[in-house]
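Report on one structure; see the data block that follows.
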Amino acid sequence: MSVAPTPAETQALAQRLALGTAQFGLAYGINNTAGQPTPAAVAEVLAAARAAGLTLLDTAAAYGNSEARLGELADEIADFRIITKIGAGPPAQVAQHLAESLARLRRVRLYGMLFHAFGPLQAEPAAWQALQAARAAGQVARIGVSLYHPHEAEWLLAEGWDVDLVQVPYNVLDQRFAAVLPRLAARGVEVHVRSAFLQGLLLREPAALPPFFQPLAPKLTQLRALAAGAGVPLPAALLLFVAYAPGVARAVIGVDSVENLRENLAAATHVRAAETLRPALTALAEFTDTFILPYAWPPRP
């Protein structure tokens, strides 16, 4: 039986996490069968997160009604910092979308504002000036962009943009950003990573994988054996691999219930054991993009 983490252990892990809220506004993830949580369930999750020491929420205008649902709980979540995301476009449009997000969230300022994707930002560089202006005006503390490919991070570093914050995918299979994350952190960029469980794919039983993912079965079987051999629950091994990766400030986790949140935070018991697994888990990196990039996956039936 697993030993429960101490409050200090839980808080130490919580400070390396951000609570993702896509699940609050969308039915999200390939293992999701319950749909959106109720307003009461959202409030319960947020209360439990605060009690555990989580201080940061990650949302986006594109996450269904996630921003509005958080705004309805504005008083209860006043002590959380919030990061949201909008699309890049002409500066006036960016300023309008930022204002709309602030209104939905019922906030006058945010911790972070990210552009959803690098391509549109690169095509409309004036959009960056709108975020710079928002930062200068005190509407947002940190500005940046959500990245999907390492060459995007390399471009930002080479161009010397004054980026404060990036979010990238990172997990046991998708380690494409491993080399560039410490360089971003050394430049003062706060690095957040998402997709620790690869939308639930890494938690699937290898024998029950859909046909498209069957080539991953040997790696997922090895992953389970490694975690079991170290006495670390599989979800804990996956979460700690990304939360404590070099260069990473926060790992974004999405939950749809208090039980789900507590399962994630229980990983705090296993930090030392999980770190001994890092070399072996690093060796499981997958280099076939169609398996590690969810936008390349076939549609769900």
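The values are calculated or read from the model by the stated rules, or taken from the named source; none is laboratory data. Bear in mind that the values here come from a model prediction, so they are computed numbers and not experimental data. Cβ: placed from backbone, ideal geometry, glycine included. Neighbour counts: every protein chain shown.
Every residue, every condition in (1) among the charged types (D, E, K, R); (2) touching a residue at least 24 places away in the same chain (Cβ under 8 Å); (3) surrounded by fewer than 16 Cβ atoms within 10 Å (Cβ to Cβ), yes or no:
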site	(1), (2), (3)
PRO90	no, yes, yes
LEU105	no, yes, no
ALA127	no, yes, no
GLU154	yes, yes, yes
VAL172	no, yes, no
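I need the full set of residues from the stretch 218-247 which are over 26 Å from VAL3 (Cα atoms) and in contact with a Leu (Cβ under 6 Å, 6 or more places away or on another chain), in order please.
Of everything in the stretch 218-247, those that are over 26 Å from VAL3 (Cα atoms) and in contact with a Leu (Cβ under 6 Å, 6 or more places away or on another chain) turn out to be LYS219, GLY247.
Any idea how many residues of the stretch 224-237 are assigned to a helix (DSSP H, G or I) and in contact (Cβ under 8 Å) with a residue 24 or more places away in the chain?
6
Please give the helices (runs of 4 or more DSSP H) falling wholly within the stretch 88-175 in which 1 or more residues are within 30 Å of ALA236 (Cα to Cα).
150-159
Of ARG262, ARG300, which residue is assigned to a loop (DSSP other than H, G, I, E, B) and closer than 29 Å to GLY25 by Cβ?
Step by step, each of ARG262, ARG300 is checked, and only ARG300 is assigned to a loop (DSSP other than H, G, I, E, B) and closer than 29 Å to GLY25 by Cβ.
Quick one: in the stretch 9-58, which of the residues that are among the β-branched types (Val, Ile, Thr) and assigned to a loop (DSSP other than H, G, I, E, B) is modelled with the lowest pLDDT?
Only one residue tops the list, namely ILE30.
Do we have ALA268 as at pLDDT 95 or above, of a type in the set (Gly, Ala, Ser), at negative phi and assigned to a helix (DSSP H, G or I) here?
yes
Return the pairs, sorted by first residue and then second, in which the second residue is crowded, with 22+ Cβ neighbours inside 10 Å and part of a strand (DSSP E or B), the first residue lies in the stretch 238-252 and is of a type in the set (Ser, Thr, Tyr), the beta carbons are less than 9 Å apart, and the residues are 6+ apart or on different chains.
Sorted first by the residue in the stretch 238-252, then by its partner, the pairs are TYR244/ALA251.
Which residues, taken from the stretch 72-88, are under 21 Å from the mean Cα position of the chain (by Cα), of a type in the set (D, E, K, R) and surrounded by fewer than 21 Cβ atoms within 10 Å (Cβ to Cβ)?
Within the stretch 72-88, ASP79, ARG81 meet the criteria.
How about the stretch 176-216: which of its residues are hydrophobic (A, V, I, L, M, F, W, C) and part of a loop (DSSP other than H, G, I, E, B)?
Matches in the stretch 176-216: PHE177, ALA178, ALA179, VAL180, VAL189, ALA196, PHE197, LEU198, LEU209.
Hey, can you tell me all the residues within the stretch 271-297 that are more than 26 Å from TYR148 (Cβ to Cβ) and either of a type in the set (Ser, Thr, Tyr) or part of a helix (DSSP H, G or I) (or both)?
Once the filter is applied, which keeps residues that are more than 26 Å from TYR148 (Cβ to Cβ) and either of a type in the set (Ser, Thr, Tyr) or part of a helix (DSSP H, G or I) (or both), the stretch 271-297 yields VAL271, ARG272, ALA273, ALA274, GLU275, THR276, PRO279, ALA280.
Whether any residue in the stretch 104-120 is over 21 Å from the mean Cα position of the chain (by Cα) and among the β-branched types (Val, Ile, Thr) is what I want to check.
Looking through the stretch 104-120, at least one residue is over 21 Å from the mean Cα position of the chain (by Cα) and among the β-branched types (Val, Ile, Thr).
Hey, ALA4 hits all of (1) crowded, with 16+ Cβ neighbours inside 10 Å; (2) outside any helix (DSSP H, G or I) but one; which does it fall short on?
It fails just one condition, (1).
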